[in-house]
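A.B. asks: Please see the structure below; I have some questions.
The values are calculated or read from the model by the stated rules, or taken from the named source; none is laboratory data. Quantities reported herein were computed from a predicted structural model and do not represent experimental measurements. Using ideal geometry, Cβ is built from the backbone for each residue, glycine included, and neighbour counts are taken over all protein chains shown.
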Amino acid sequence: MTTKPDITPPVCSYEGSDYQARFWDSANRRYEDAVETVAIDRLFNQGGRLLLELGAGAGRLTRRYQNWERIVLLDYSRTQLLQARDRLGDSDNFIYVAADIYKLPFVSGLFDGATMIRTLHHMADAPLTLKSIRHVMVEDGLFLLEFANKRNVKSILRWLMRRQSWNPFSPEQVEFVELNYNFHPKTIVKTLEESGFTNENSLGVSFFRADWFKNHVEHDRLVSWDAHLQDNKLFKGYTPSIFTLNRTVGASEKPAPGSFFACPVCSHPLPEVKQTQICPGCSHEWQYHQGIYEFRINPEK
């Protein structure tokens, strides 16, 4: 039996959190939600067979991927997935999976599309994250990635005024709050290439992410301004959020017939069945409960 090496980067968990209600439903973030939808519609409207939504949370964006036949909602937090299930319902079109992105529980070459929005900024090891995603995707698959841009106007001004110590133009990622990272756009492009992706397009998003704009400019007008600027070559690299469309390059393994999941402990393939499974390779029990597949190696209680 071959087991995967023990990879233990820290995980940012929203288990037990009211993140959806507190951060989106009750806060003044209607503008951010709208302009992210604009970017998704522009970059990722192709559709396909099977989509992996990484860091799906409570399913805020899931229905916007309407051209995909089936969607796997993956999050480390079971709490968030239960909220997503309440929002989207039980359907063969939606598969809810609690798992660690560093140890994705799927056979290689399974997904022809993937999205990762407002999630990479919680990943301490970006290269490992992107390589893990590439492993489970088909050749010529599409990957929509959003990342927090350290080279944004606010951070540049703060640095020039000596109100922050880190340089927004340096290539390394910066941890500005525990398990919250900003990245340089050129570093992300390089890391994507090293992980088996090629970048096809990018958009700058949230040009006006400040309460003053949201409080003094009419919502639809603000969204229209942002939509007009998103592909502006001069400005799009200096927004707090950047959306990138990427395509997998190189060959991918083809899943064996009937295989879907892969044991995160030993990589043994497992079928997609709505029941608890015992891995034939290592005897680990992977539970299926309340419509959610549990593939966290050390799930929180």
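A.B. asks: For the stretch 275-301, how many residues are under 27 Å from D86 (Cα atoms) and at pLDDT 95 or above?
C.D. replies: 15
A.B. asks: Filter the stretch 208-222 down to the residues that are touching a Lys or Arg at 6+ places or on another chain (Cβ under 9 Å) and either among the hydrophobic types (A, V, I, L, M, F, W, C) or under 21 Å from F143 (Cα atoms) (or both), then identify the one that is surrounded by the fewest Cβ atoms within 10 Å (Cβ to Cβ).
C.D. replies: Checked the stretch 208-222; the qualifying residue surrounded by the fewest Cβ atoms within 10 Å (Cβ to Cβ) is A210.
A.B. asks: Just name the residue that is surrounded by the most Cβ atoms within 10 Å (Cβ to Cβ) out of those in the stretch 177-201 that are among the hydroxyl-bearing types (S, T, Y) and touching an Asp or Glu at 6+ places or on another chain (Cβ under 8 Å).
C.D. replies: By that ranking, first place goes to Y181.
A.B. asks: Another question, then. Of everything in the stretch 1-36, what is within 20 Å of D125 (Cβ to Cβ) and either assigned to a helix (DSSP H, G or I) or at pLDDT 85 or above (or both)? Give them in sequence order.
C.D. replies: Within the stretch 1-36, P9, P10, V11, C12, S13, Y14 meet the criteria.
A.B. asks: What number of residues in the stretch 132-167 are crowded, with 16+ Cβ neighbours inside 10 Å, more than 19 Å from K186 (Cβ to Cβ) and out of contact with any strand residue (DSSP E or B) (no Cβ under 9 Å at 6 or more places or on another chain)?
C.D. replies: Number satisfying all stated conditions: 1.
A.B. asks: Does any residue of the stretch 97-114 turn out to be among the hydroxyl-bearing types (S, T, Y) and outside any loop (DSSP other than H, G, I, E, B)?
C.D. replies: yes
A.B. asks: Let me confirm something: among E294, E285, E218, E272, which residue is over 29 Å from P171 (Cα atoms), without any contact (Cβ under 8 Å) to a residue 12 or more places away in the chain and touching a strand residue (DSSP E or B) at 6+ places or on another chain (Cβ under 9 Å)?
C.D. replies: Going through E294, E285, E218, E272 in turn, just one is over 29 Å from P171 (Cα atoms), without any contact (Cβ under 8 Å) to a residue 12 or more places away in the chain and touching a strand residue (DSSP E or B) at 6+ places or on another chain (Cβ under 9 Å): E285.
A.B. asks: Which residues, taken from the stretch 170-202, are part of a loop (DSSP other than H, G, I, E, B) and either modelled with pLDDT under 95 or not polar (S, T, N, Q) (or both)?
C.D. replies: P171, E172, E178, L179, H184, G196
A.B. asks: Would you tally the residues in the stretch 245-301 being in a loop (DSSP other than H, G, I, E, B), touching a helix residue (DSSP H, G or I) at 6+ places or on another chain (Cβ under 6 Å) and either buried (at least 18 other Cβ atoms within 10 Å of the Cβ) or among the polar types (S, T, N, Q) (or both)?
C.D. replies: Looking only at that region, the number is 1.
A.B. asks: Report yes if some residue within the stretch 83-90 is closer than 24 Å to A39 by Cα and surrounded by fewer than 22 Cβ atoms within 10 Å (Cβ to Cβ); otherwise report no.
C.D. replies: Yes - at least one qualifying residue is present in the stretch 83-90.
A.B. asks: Restricting to the stretch 37-62, name every residue that is within 21 Å of K236 (Cβ to Cβ), at pLDDT 95 or above and not charged (D, E, K, R).
C.D. replies: Correct list: T37, V38, A39, I40, L43, F44, L61.
A.B. asks: Do the conditions hold for L73, that is, is it under 26 Å from E272 (Cα atoms), surrounded by 20 or more Cβ atoms within 10 Å (Cβ to Cβ) and not charged (D, E, K, R)?
C.D. replies: It is true that L73 is under 26 Å from E272 (Cα atoms), surrounded by 20 or more Cβ atoms within 10 Å (Cβ to Cβ) and not charged (D, E, K, R).
A.B. asks: Next up: From the set of residues in the stretch 41-62 that are touching a Leu at 6+ places or on another chain (Cβ under 7 Å) and not in a strand (DSSP E or B), which is surrounded by the fewest Cβ atoms within 10 Å (Cβ to Cβ)?
C.D. replies: Per the stated criteria, the residue is Q46.
A.B. asks: Quick check on this structure: which one of A256, A227 is of a type in the set (A, V, I, L, M), at pLDDT below 95 and farther than 25 Å from A126 by Cα?
C.D. replies: Criteria check complete, one pass: A256.
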